[in-house]
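A short write-up of the structure that comes next.
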Amino acid sequence: MSKSIKRVKGTRDLLPPETQLWAAVEAEAREIFGTYGYEEIRTPIIESTDLFVRTVGESTDIVGKEMYTFPDRRGRSLTLRPETTASVARAFLENRLNERPAPTKLFYMGPQFRYERPQEGRYRQFSQIGAELIGDGGPFSDAELLVMLTRFLEKLGFSHLRVQLNTLGDEVSRANYRQVIHAFFSEHSDQLGEDSQRRLETNPLRILDTKVPAERALVERAPRLKEHLSEESREHFACLCRLLDSFGVDYSLDETLVRGLDYYSHTVFEIVDEGLGAQNALCGGGRYDRLIRDLGGPEVPALGFAIGEDRLLAVLPESFRREHAAPPLALVAPLGTVEVEAGMRLAESLRELGISVVAEYRTQKFKSLFKKVDRLGCRFLLLLGEDEVAAGKVTVKDLHERSQVTLPQKDVAGLLNPIQNGVTS
Ligand code: HAM
């Protein structure tokens, strides 16, 4: 017997009814982001490897060890996108979107690829829903983006999520702080593990992000960036915090939050959910005022976020799930072979009115019919026997209410429609 082919490690098959929830979450994102003037962008999944090396940064885990990079048939180095911010920036420049009125507001959703050790909440192919605001450097844009993000999460039913916020300052602040932190960790390098030793030379700020418990104690004692911020950075951040307070966004300051990508400056943030366990970051983002310039473009400030959709779905509130993972409302079941066609006709007439119906085309014993309707999760069983068809009627069993009524077929829609539309329960 030949060996069966399995899915690639770290990838998943998303199956119904879960896929219905994915679609519902994405529809919600489109709707809310749209009210803020965001429009969809779809960029290729493959990009030149250089794009990520120059933006995400050579010293990061993503570029250093997680990219799916391969030569094409002509030997050009291509990479499956590990994130989409760099692609959006490239597309912004390549399509001269800066000639349109600023800021440019774009959202995207789709698969990303990182060669990480798979575990709960961490996959090699995962999906993100992201938004990027390109062309404004002021704190009002930071605040608007975070307000939009929290509105979206609230709309999904989340109520206890908290934004963790920090500022990395501008280039001057960061360069100063980098020196200070390099000196501090060099002095205590005997307390650093292998990864942090390496980061000490490539990007010492990343040590602040360590998850190694022994190193956390050292990080607690490290000098704070706060004390090395330029006046402008300080004002930007203070204004953002004031706006978030005034618009009711719940956040906490986390001075050790630096994020795992090199392109950030000023505001950075993450949203975590304790329910996710070790991989608890639901969303990450921040400002990247240098990125477009680093790609050879003009000086254009920007910021954005990306939500890990797989993780979002893993902790999606029950209220949203109940509302959106709706099974077909009714199963139409003919009791004899002669009634099959009448059943199909009834099902079609209901579907035309927007009611979701599945039809049975083989006659079944009552016992298996009830089993099936239960497994499908339908609320109504519409039974068509010889008498019903002759009289143009149908017997409607409501399995929630445990009631039964026989009515003219033309009246069934009137009974089901309000329930399909969630008007009555
Ligand atoms: P990131 O923090 O690398 O940021 O990823 C954002 C989110 O993607 C994470 O918070 C997490 O929920 C999800 N994620 C990352 N890796 C995995 C994985 N292996 N499996 C499942 N989920 C994962 C970015 O990607 C930036 N581009 C965000 C951004 C947009 N910054 C500015 N604009």
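The values are calculated or read from the model by the stated rules, or taken from the named source; none is laboratory data. Note that this is a predicted model, so its numbers are computed, not measured. Heads up, the Cβs are rebuilt from the backbone with ideal geometry, glycines too, and the neighbour counts pull from every protein chain shown.
Figures for the structure shown
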quantity: Positions within the range 183-212 being touching a helix residue (DSSP H, G or I) at 6+ places or on another chain (Cβ under 7 Å), more than 15 Å from Ser59 (Cα to Cα) and not in a loop (DSSP other than H, G, I, E, B), in sequence order; calculated: Phe185, Ser186, Ser189, Gln191
quantity: Residue among Gln112, Gln164, Gln128, Gln119 that alone is farther than 28 Å from Ile41 by Cα and either within 12 Å of the ligand (Cβ to nearest atom) or under 15 Å from the mean Cα position of the chain (by Cα) (or both); calculated: Gln119
quantity: The listed residue being touching a Lys or Arg at 6+ places or on another chain (Cβ under 7 Å) and over 19 Å from Pro16 (Cβ atoms), out of Phe380, Phe370, Phe366; calculated: Phe380
quantity: Qualifying residue in the range 336-349 (condition: among the acidic types (Asp, Glu), buried (at least 18 other Cβ atoms within 10 Å of the Cβ) and on the phi < 0 side of the Ramachandran plot); calculated: yes
quantity: Filtered residues of the range 281-319 (kept if in a helix (DSSP H, G or I), within 12 Å of the ligand (Cβ to nearest atom) and under 11 Å from Thr85 (Cβ atoms)); calculated: Leu291
quantity: Test for Leu381: is it part of a strand (DSSP E or B) and within 21 Å of Arg322 (Cα to Cα); calculated: yes
quantity: Residue check for Ala102: within 12 Å of the ligand (Cβ to nearest atom) and either assigned to a loop (DSSP other than H, G, I, E, B) or crowded, with 22+ Cβ neighbours inside 10 Å (or both); calculated: no
quantity: Odd one out for Tyr36, checked against (1) touching an Asp or Glu at 6+ places or on another chain (Cβ under 9 Å); (2) within 14 Å of the ligand (Cβ to nearest atom); (3) modelled with pLDDT of 95 or more; (4) closer than 25 Å to Val300 by Cβ; calculated: (2)
quantity: Some residue of the range 12-24 being β-branched (Val, Ile, Thr) and either surrounded by 15 or more Cβ atoms within 10 Å (Cβ to Cβ) or in contact with a strand residue (DSSP E or B) (Cβ under 8 Å, 6 or more places away or on another chain) (or both); calculated: no
quantity: Close pairs (6 angstrom Cβ cut-off, 6 or more residues apart or separate chains): under 21 Å from Leu312 (Cβ atoms) in the range 115-141, within 8 Å of the ligand (Cβ to nearest atom) and basic (Lys, Arg) anywhere; calculated: Glu116/Arg122; Gly121/Arg311
quantity: Flag for Leu257 being within 12 Å of the ligand (Cβ to nearest atom) and either more than 25 Å from Arg224 (Cβ to Cβ) or β-branched (Val, Ile, Thr) (or both); calculated: no
quantity: Criterion: in contact with a strand residue (DSSP E or B) (Cβ under 6 Å, 6 or more places away or on another chain) and at pLDDT below 90 - qualifying residue of Arg206, Arg224, Arg259; calculated: Arg259
quantity: Contacts under 6 angstrom Cβ, first residue in the range 300-320 being closer than 20 Å to Phe33 by Cβ, partner basic (Lys, Arg), 6 or more apart; calculated: Leu303/Arg287
quantity: Residue that is part of a loop (DSSP other than H, G, I, E, B), surrounded by fewer than 16 Cβ atoms within 10 Å (Cβ to Cβ) and within 13 Å of the ligand (Cβ to nearest atom), where the choices are Ala278, Ala326; calculated: Ala278
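A quick yes/no check of all residues on (1) in contact with a helix residue (DSSP H, G or I) (Cβ under 7 Å, 6 or more places away or on another chain); (2) of a type outside the set (S, T, N, Q); (3) more than 15 Å from Gly286 (Cα to Cα):
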residue	(1), (2), (3)
Val53	yes, yes, yes
Ser59	yes, no, yes
Lys65	no, yes, yes
Leu78	yes, yes, yes
Arg81	yes, yes, yes
Arg90	yes, yes, yes
Gly121	yes, yes, yes
Phe126	yes, yes, yes
Ala143	yes, yes, no
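Here's the yes/no breakdown for (1) assigned to a loop (DSSP other than H, G, I, E, B); (2) buried (at least 22 other Cβ atoms within 10 Å of the Cβ):
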site	(1), (2)
Pro111	no, no
Arg117	yes, no
Gly130	no, yes
Leu133	no, yes
Glu154	no, no
His160	yes, no
Gly169	yes, yes
